[in-house]
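Worksheet: the structure to be examined is printed underneath.
Where a number appears in this text, it was derived from the coordinates with a stated rule and is not lab data. Quantities reported herein were computed from a predicted structural model and do not represent experimental measurements. Cβ placement follows ideal geometry from the backbone for every residue including glycine, while neighbour counts extend to all protein chains displayed.
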Amino acid sequence: MQHSSPDPAARAIENDLSSTDATISGATVSDSSAATIAVLERRLERERSARKQAEDLLSAKSRELFDALQQAREIERSLVLSLWGSGESIWEWRRDSGRVEVRAVGEHGLQTVENSLQVLLDDRESVHPLDRDQALSIWRAYLNNETSELDLSLRLLRSSGWRWLRVRGRGIERATDGGFERVVGTLRDVTAQREAEESLRLLSDAFDRAREPMLMLDRRGVLRDCNQAFHDLVGVNKFGSGTHFFSLLQGDRSSLERLLGEVGEGWREELELKRSDRSLLPVELLISRVFESSEGGPLLMATFKDLSLQRSVQARIQRASLQDGLTGLVNRVHFESRIKLLMGRAEADPLALLWINLDGFRAINDSLGHAAGDAFLFESAQRLMDVTNERDELARISGDEFAVLIQGEDVSGRAAGLAQQVIDAIGAPMQMGDRMLCVTASVGIALCPEDSRDPDQLMQQAEAGMRKAKQRGRARVEFHRGELSTEAARRLELITELRRDIDRNALTTVLQPKVSAGGYVIGYELLMRWHSERMGPVSPAAFIPLSEEFGLVGRLGLIAMEHAAIFAARLLRMGLQTPVALNLSPRQVFDPDTESQLVDICRRHGLPHDMLEIELTESALLESIEAGRNFLRRLSEQGFKLALDDFGTGFSSLAYLRRLPFNTIKIDRCFMDDIDTDTHALRLLQGMVTLCHSLDIAVVAEGVETEAQRTLLVRMGVDQMQGFLFSRPQPADAVLQLATRRLPLSG
């Protein structure tokens, strides 16, 4: 091992000893005495001992110096490794230079690097505006010995963007004024840590502020944390340490623990949550694994959705689906299910089904308004409840129809007695505001098992009995009889076939001319025809009322509008501006779309509106004279011609005739009978013609079949005639052959 060179004192001693040796060796024995020699030998020995001690001291000092150097290098190596492991740099600030030197671990150990900290002193613009003043204040306060430690965080602008730095330091040399001359410390980029902390803070804030109740728990089900929404949901301000999740839920704990142990990506279940007031709250629980806890196990997040409102809405919807909203009675759906349930039993009790219709209710609804109509229906339901007992099942079937189901013995006799009570109760005068209203009820009865064991057929039979009661004068009771089943089956078959043929556009139309007194064609009436593939020709008297009853008449009306417009367009192309009449049903009169449909049909076919004549029956208008008058007024303003069909068959047509904007009145064919032989019939018809002419309304006589009738009608001044004498209803191509010919044709 090499030693360092001795220090100057050691070299001086060594030189002195060498000089002494030379002096002794050069002396002659003769010049010295023995005593002198002894003194010199002792001196030499002392000097040699001193030199030996100096050499030993030198060697020891050299060893200590070497060991210190090695220890310093090891410390430096450990420091480098520590800095490398922590990702920190070291810095040093000197007061005399005012500079900060930053060193970091590089390829050759600690080396000076880009000084990111000097900007705090030289380039404040590189410090984030929110950190600038505070960081500089902390730095200066420490240098002036105003604070006990230096620890600050700030953001510096680097090429990669804003970076978070944590600066810590300690003064190691003080100046006379008490401040520091020299400060050293560490510098670390903590951007990733701050971003993670910010993300965690945001997640924690989102967790606390979330509107959905949430909690954290471990695999054992112990609560670790929960947000305010969960506290609010259960009504508890604080949970005790070790509170178990399962203690908050209603149900078998072992099943819940098993389910919790199976949580993978997520688990969803509907349960009941216990609240502080001991009530149970229906909730949907979603549990998912979120991250591993510090203890090594996974943490679970439970999210709750309050289902109480949803369940309440579902209950209301279910009640609404089974209950009539106006009267509070069960509705048709629920009533039918009850009939099927009772009739489906192996040993079903005898049943009687009463089908009730309020006669004349539509007139109340139309004349007084829907609010009055609803009040009337509610009061009628109350009266029906008063006459039925607890075992009877009462339901509202549709607008003005109710039904009662009776069970037990002697249902036939009880049904007849109850039906009469219903008629009496409904028929009693009812006070509605300042009006006293009177209506009646028609009741049909069907029995099980006498009439049918099939629920649907039993309801059809009871309804058929009600319709029979209305046909026989209303305000009466009709039991179902066996012959009605054949009629009901035919009605069902008819409506099924009619709906199918409407969908297939299989219905056709024919036209019948209307002629002047001189015998020339001045108009046409379009009539609907149906020839079923299965049932053959079906009379309009059968399928038109059926279409009204089952809501198909609107579609028939559209077919009639389209065919009438097509035929009128053909006439127009022939240079003939002859109007074509079509009939509207009562439903179409009160349908707000009818007017726009007529206008659109004319637009598409390029027709002036007066090429279409709209015929309506008295019965359609008398159901609501005011609504009918408004409808007719709008059509008249649009330019459509208007005709009142079957005039004279209603109860109040004369009273309302002057209020309605009709261009034409069609006298029903019943007035044509015997006018050539019965003077009373002739005078009645003459009076009707005179009345209409006095109101500037043209008259059309329907059902003209003989030349004698035509002659009398011409003498009366009837404007137009229509009937088999001139032409039967024919297809469009055939009737066009008569367009310019005089009728009736001779021969």
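For this structure, a couple of remarks:
- The distance from the alpha carbon centre of region 143-190 to that of region 531-567 is 97 Å, rounded to a whole number.
- Over region 503-620, the ratio between the Cα radius of gyration and 2.2 N^0.38 Å evaluates to 1.09.
- Using a Förster distance of 35 Å, the FRET efficiency for residue 593-residue 520 (Cβ separation, nearest 0.05): 0.45
- With the convex hull constructed from alpha-carbon coordinates only, region 388-477 shows a mean projected area of 6.6 nm² over all directions.
- Cα gyration tensor category, rounded, prolate or oblate, for region 657-740 with a/c compared to 1.5: oblate
- For peptides 172-182, 501-511, sequence by mean Cβ density within 10 Å, most packed first: 501-511, 172-182
- A straight line joining the Cα centroids of region 417-484 and region 492-524 runs 35 Å.
- A simple packing score, the average count of other Cβ atoms within 10 Å per residue, orders the peptides 625-636, 348-359 as 348-359, 625-636, with the highest score first.
- Cβ crowding within 10 Å averaged over residues, with 585-598, 727-740, 533-546 ranked highest first: 585-598, 727-740, 533-546
- Part-to-part distance (alpha-carbon centres) for region 374-402 and region 693-747, which is given in Å: 52
- Nearest-0.05 FRET efficiency for residue 385 and residue 453, computed from C-beta distance (R0 25 Å): 0.30
- For region 314-385, GluC sites (Glu not before Pro) meeting the loop criterion (DSSP other than H, G, I, E, B) and having at most 10 other Cβ atoms within 10 Å: 347.
- For region 130-230, alpha-carbon Rg relative to the globular expectation (2.2 N^0.38 Å, N residues): 1.64
- Treating r as the C-beta distance of residue 367 and residue 496 and R0 as 41 Å, the FRET efficiency rounds to 0.70.
- For region 303-410: rounded, prolate or oblate by the Cα gyration tensor [a/c cutoff 1.5]: oblate
- Computed extension length for residue 626-residue 378: 86.8 nm, one decimal, from 0.36 nm per residue of separation with the Cα-Cα distance subtracted.
- With the simple spin-label model, which puts each label point 7 Å out from Cα in the Cβ direction, the residue 332 to residue 573 separation comes to 4.5 nm.
- Spin-label model, residue 678 to residue 340: label points 7 Å out along the Cα-to-beta-carbon direction sit 5.3 nm apart.
- Shape category assigned to region 550-612 from the gyration tensor of Cα positions, a/c cut at 1.5: prolate
- Within straight-line cross-link reach of residue 238, lysines at Cα separation under 24 Å, skipping those fewer than 8 residues along the same chain: 274, 305
- The lysines within cross-link reach of residue 468, meaning a Cα-to-Cα straight distance under 25 Å and a gap of 8 or more places when in the same chain, are 340.
- Taking 0.36 nm per residue of separation and subtracting the Cα-Cα distance, full extension of the segment from residue 232 to residue 440 would add 69.1 nm.
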